[in-house]
1. Go through segment 627-709 and tell me which helices (runs of 4 or more DSSP H), entirely inside it, have 1 or more residues that are farther than 28 Å from ARG455 by Cβ and either touching a Gly at 6+ places or on another chain (Cβ under 9 Å) or away from the ligand (no atom under 16 Å from the Cβ) (or both).
2. Which residues, counting only those in segment 529-557, are among the β-branched types (Val, Ile, Thr) and away from the ligand (no atom under 16 Å from the Cβ)?
3. Show the residue pairs that are 6+ apart or on different chains and have beta-carbon atoms under 7 Å apart, the first residue being within segment 429-458 and without any contact (Cβ under 8 Å) to a residue 24 or more places away in the chain and hydroxyl-bearing (Ser, Thr, Tyr), the second being assigned to a loop (DSSP other than H, G, I, E, B) and surrounded by 21 or more Cβ atoms within 10 Å (Cβ to Cβ).
4. If you check ASN597, ASN590, which single one turns out to be out of contact with any helix residue (DSSP H, G or I) (no Cβ under 9 Å at 6 or more places or on another chain), more than 16 Å from the ligand (Cβ to nearest atom) and more than 28 Å from GLU759 (Cβ to Cβ)?
5. Taking GLY137, is it assigned to a strand (DSSP E or B) and among the small types (Gly, Ala, Ser)?
6. Tell me which residues, restricted to segment 714-732, are over 20 Å from ASP599 (Cα atoms), in contact (Cβ under 8 Å) with a residue 12 or more places away in the chain and not β-branched (Val, Ile, Thr).
Amino acid sequence: MFSNTEEFKEAFLKKLEMTCGKSFADSTEKDHYYTLGLLIREYVSTEWINTNERYRIDQVKQVYYLSIEFLLGRLLRNNLLNLGIEQVVSAGLQDLGIELSSLEEVESDAGLGNGGLGRLAACFLDSLASLNLPGHGCGIRYKHGLFEQKVVDGYQVELPDQWLRNGHVWEVRKADLSVEIPFWGEVDIREENGRQVFQHIHAERVTAVPYDMPVVGYHTETINTLRLWSAEPVRYPTNQDVLKYKKETEAISEFLYPDDTQDEGKILRLKQQYFLVRASLQSIIRSFKRQHKDMKEFHQYISIHINDTHPVLAIPELMRILIDEEKLGWDDAWEVTTQTISYTNHTTLSEALEKWPVRIFQPLLPRMYMIVNEINERFCAKLWEKYPGKWQYIENMAIIAHDQVKMAHLAIVGSHSVNGVAALHTEILKYREMHSFYQFFPKKFNNKTNGITHRSWLLKSNQSLADLITEKLGAEWIRDPEQMALLLKYENDTDLLTRLADIKHANKENLAHRIFTQTGIKIDTHSIFDIQVKRLHAYKRQLLNIFHVMYLYNRIKEDESFKMHPRTFIFGAKASPGYYFAKKVIKLINTVAKKVNHDPKTNEYLKVIFLENYRVSLAEDVFPAADISEQISTASKEASGTGNMKFMMNGAITVGTMDGANVEIHERVGDENIFIFGLRSDEVNHYYAHGGYQATEYYHHDHRIRQVMDQLRNGFFPDVFDEFEPIYDSLIMENDQYFVLRDFSSYVHIQEKAGYAYEKQEKWRKMSLNNIAKSGFFSSDRTINEYAQGIWGIK
Ligand SMILES: *Cc1c(COP(=O)(O)O)cnc(C)c1O
């Protein structure tokens, strides 16, 4: 469309007048952003239609990725980059006196996710389209995504996210493709021609309206679709109280649940799940039926993936459609369903495994409940054949037991593939958490180590590093990121290592500038940037990190001879609004920051920064600027992590435990290019199984720990009295469930080692190069190719 800047400018100005109804002279930055967005969307619309036509005509198998979260961030520059028109557009805008980078700032993050799980879904969409694979996303169009975080007096304050305030230029509302979703009511059962017929009657109905977004592949013609559903009232509400009905209906897609680890037990959450599943399946089947007649062949053309258990109702819902609407028998329906559905497990934290009380599930979703019940009975009968008389064993594996529906059990039984997200995590599933299921269905279990799109997290966010790689290797690595390994031949090339360091320094300057603008704090860009950014959770152990900072502070104050390379500790984390402990840790980090940053004796060596409102667009400035990547979860608790991969790809060195994908990072870079510390997963497990850990012993016997812990409550922090009692209690009274004190000494030791290593700059730069070079494996292109071949069977 626009092959040169002149063409672009002409199109842009014409579009601006048409859509904003203003002359260029009167137009604002918002107008420019909106105009550019529309222009791009139009630019892709032909290819978008063509892609769908092509899929239809070629009758290719397609995958639908169902996820309750998609953490997309901003799309403008992603789309420009993938379309390969960034240069033309940027130059054309410049001619008009407009900076592309300022327009980018106009766009709100699409923050329809909490953290890793939602970001993974976004990276997967990018990889699917970039690999020319027929795969689409299905999710919910929350009116308010994850809350905006402010820090006031050291405390987290939550404001509702308003990402739709100025409209969302990338979406297309398709009201004509709306579907209806029933809740509550009863199931009427009748006999018709010797067959039982089930009808859901007296239901409350809600309209699901799809909003489609184009997913643009990198330099490909493929444009896939992300379909997000919005809840609206049905056209003629039959209810008496129309306003109440409207409010209740719209509530379904009003808010993203701001918690990724706990099942709130809220009816609304279950409503969201069924809303997503029922709407998505209806549209998938409609599209299938335009080409095919025989529902028994459904799984040959369609694959449905459920991202964690939130969309697991896809299993009973597909059964319902096949039995009630398509008139298949149970066994045929079951074969089609299990062959269609595949499931990813994201956590073994027991508090995060979804369970729904029957007393909520059954009345809200009466037909779903009947089907889940039938699935359970048939499954238990099979178990009985294999394990006759073993009541307890069978009960533990049942889908419904003790008035609870266990969503993970349903997901395993009703799918053909169950995957973990890193090698260690999958082993833990197979041999510990889901061991009995693994024994019963050994072939279903497999591993797919997570990945990140190197296009967003390197090409887009760290352009100078990407350019340097291309200069050395040619552009082929962009298609095939594992070719980054060829960088290793420059390991002893001082010129390259210096340029690498210069790029890192420029990125640090950039982040420092951003921090200065926002907080007024000046940081030393020659200090080590030691960064932990991720959701705040006890198992991720931000507490261990801040304890280490407190220890360093004490050490500098007390020991004149103590020397360390200056460090800037940077934190970014949102705490779930109801997560009391997590919020106390945020307050502690900010309290330490205040003390440390204002102490003239230490502040040359130590700075602590808490970045407000950690989100994708901020993350893009953070990863490129890191020297040290903090990945310090209690071993066995972090299923994979993906932040660890983003840091690695940008040349940071990991300080981490042998947890999640850290294990695979270690495997690739070797002992000499990573700092591993702490308990191993089997040791943690041993403590859980057999006891033997006494946190108080570490308190009493390690004076560094005692000093730090005492400072939580002895007036060390001015104006703080019992603020940090809950933290103290979690370690002493609750015996430190996440082994913060147990790993403290090992952590201090490895951090010291990392500090010394940094001072040997030549060596450090080599380490950094090694990390970048070996990061290609963690591209989500590799992950998606594995899913495509091993699970979905798409080409
Ligand atoms: C990558 C990412 C995450 C996941 O980080 P982990 O360290 O793997 O927990 C969370 N939030 C955002 C904004 C991200 O970009």
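The values are calculated or read from the model by the stated rules, or taken from the named source; none is laboratory data. Keep in mind that what you see is a predicted model, and the values were worked out from it rather than measured. Cβ placement follows ideal geometry from the backbone for every residue including glycine, while neighbour counts extend to all protein chains displayed.
1. Passing ranges, in order: 681-690, 695-701.
2. ILE546, VAL549, ILE556
3. Qualifying pairs under 7 Å: none.
4. Working: ASN597 fails: more than 28 Å from GLU759 (Cβ to Cβ).
After ruling out the rest, the residue left standing is ASN590.
5. Yes.
6. Step one: filter segment 714-732 for residues over 20 Å from ASP599 (Cα atoms), giving 721-732.
Filter once more, so that each one left must be in contact (Cβ under 8 Å) with a residue 12 or more places away in the chain: 723-728, 730-732.
GLU723, PHE724, GLU725, PRO726, TYR728, SER730, LEU731 - these are the residues of segment 714-732 that are over 20 Å from ASP599 (Cα atoms), in contact (Cβ under 8 Å) with a residue 12 or more places away in the chain and not β-branched (Val, Ile, Thr).
Condition check ((1) farther than 15 Å from GLN761 by Cβ; (2) within 27 Å of the chain's Cα centre (by Cα); (3) within 16 Å of the ligand (Cβ to nearest atom)) across all residues:
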{"site": "LYS489", "(1), (2), (3)": "yes, no, no"}
{"site": "LYS508", "(1), (2), (3)": "no, yes, no"}
{"site": "ILE515", "(1), (2), (3)": "yes, yes, no"}
{"site": "SER527", "(1), (2), (3)": "no, no, no"}
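Residue by residue, here is whether (1) within 30 Å of GLU248 (Cβ to Cβ); (2) within 22 Å of the chain's Cα centre (by Cα); (3) within 14 Å of the ligand (Cβ to nearest atom); (4) touching a residue at least 40 places away in the same chain (Cβ under 8 Å) holds:
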site	(1), (2), (3), (4)
GLU69	yes, yes, yes, yes
ALA121	yes, yes, yes, yes
CYS138	yes, yes, no, yes
GLU148	yes, yes, yes, yes
TYR155	no, no, no, yes
LEU159	yes, yes, no, no
ARG165	yes, no, no, yes
LEU177	yes, no, no, yes
